[in-house]
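Read-outs throughout are calculated quantities, based only on the coordinates presented, and are distinct from any laboratory measurement. Small disclaimer: the values here were computed from a predicted structure and weren't measured. All Cβ positions, even for glycine, are placed from backbone atoms using ideal geometry, and neighbour counts span all protein chains on display.
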Amino acid sequence: MAFPEDVMTADEKIVLHLRPHWKVMIVPTLVLLLAVGAVVTGLALGWANAALYVVAGIALIAVVWLSFWPWLVWRCTHYVFTNERIIFQTGVFSRDRRDIPLMRVNDHAMSQTFLERMLTCGTLTIESAGERGQTVLKDIPRVGIVQTKLYELVEADRDAHSYNDDERRRVPAQGDTTAQETTN
């Protein structure tokens, strides 16, 4: 369930690798504790075998459906910020991945409710050039720091691309005696 490094280019470096904030696991953890508590209570009180089997069966279904599955989804959700792009990957059995090159990021914003401010998480909205336009990432841990890092990555990428564009304009192709330096 680790992020596959084979999707990275040769000179691409991971700057941030995040999963949704741990708060998404509060309800699944409570379900697990309640299910275990119900079975232990049944054992401690000496319930009849039939009643104990029914409670244990319901508890097992609740744990698999409402605890284990959300945990598996959480483990298989990746938000990866690299020096070239932002990668969002989700999926347990099937996989969905979206890449946004940093040069296509037009705008990014964060928002937090009062509870999210206390838990240091929030929502990051990334607007990019393209047909999808806006990507909303909920429950991002340390969302303020992530937004600042995203700003730094986008600016560094723009600086690198503008430098490369300037170099392409100044340097004539090898053997091209008619190319002239362009100035703006």
(Q) Quick check: from the Cα gyration tensor, does the stretch 100-162 come out rounded (a/c under 1.5), prolate or oblate? (A) oblate
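Pull out a ≥ b ≥ c, the square roots of the eigenvalues of the alpha-carbon gyration tensor of the stretch 47-116, then state rounded if a/c is under 1.5, prolate if not and a/b is larger than b/c, and oblate in the remaining case.
Prolate.
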Q: Based on other C-beta atoms within 10 Å, arrange Tyr79, Tyr151 from fewest to most.
A: Tyr151, Tyr79
Q. How would you rank Arg85, Arg132, going from fewest to most other Cβ atoms within 10 Å of each one's own Cβ?
A. Arg132, Arg85
Q: Find how much the distance from Asn83 to Ile26 grows on full extension, using 0.36 nm per residue of separation minus their present alpha carbon separation; answer in nm with one decimal.
A: 17.3 nm
**Q.** Options Leu32, Leu115, Val80, ranked by Cα towards positive dipole end of the chain, top entry (Cβ charges)
**A.** Leu32
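With a 10 Å Cβ neighbour count serving as the proxy for reagent exposure, in which order, fewest first, do Ser94, Ser67 appear?
Lowest count first: Ser94, Ser67.
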Q | Lys/Arg +1, Asp/Glu -1 at C-beta; the chain dipole; positive extreme among Ala48, Gly91, Val136 | A | Ala48
Q: Quick one: compute the contact order of the stretch 72-142, relative version, from alpha carbon pairs under 8 angstrom and 6+ residues apart, as a percent.
A: 20 percent
**Q.** Dipole of the chain, positive direction: furthest Cα of His21, Ile100, Ala59, with charges on the beta-carbon
**A.** Ala59
Q | Cα centroid separation - the stretch 84-113 against the stretch 135-152, whole Å | A | 10 Å
Q | Those residues of the stretch 87-110 whose amide nitrogen sits under 20 Å from the label point placed on Val136, 7 Å along Cα→Cβ | A | 87-91, 97-100, 105-110
Q) For the chain, what's the relative contact order in percent, using C-alpha pairs closer than 8 Å and at least 6 residues apart? A) 18 percent
Q. In debye to the nearest 20, how big a dipole does the stretch 17-136 give about its Cα centre with +1 on each Lys and Arg Cβ and -1 on each Asp and Glu Cβ?
A. 160 debye
Q: With a cut-off of 15 Å, note down the residues of the stretch 1-44 whose backbone N falls inside the zone around a label point 7 Å from the Cα of Ile145 toward its beta carbon.
A: 15-22
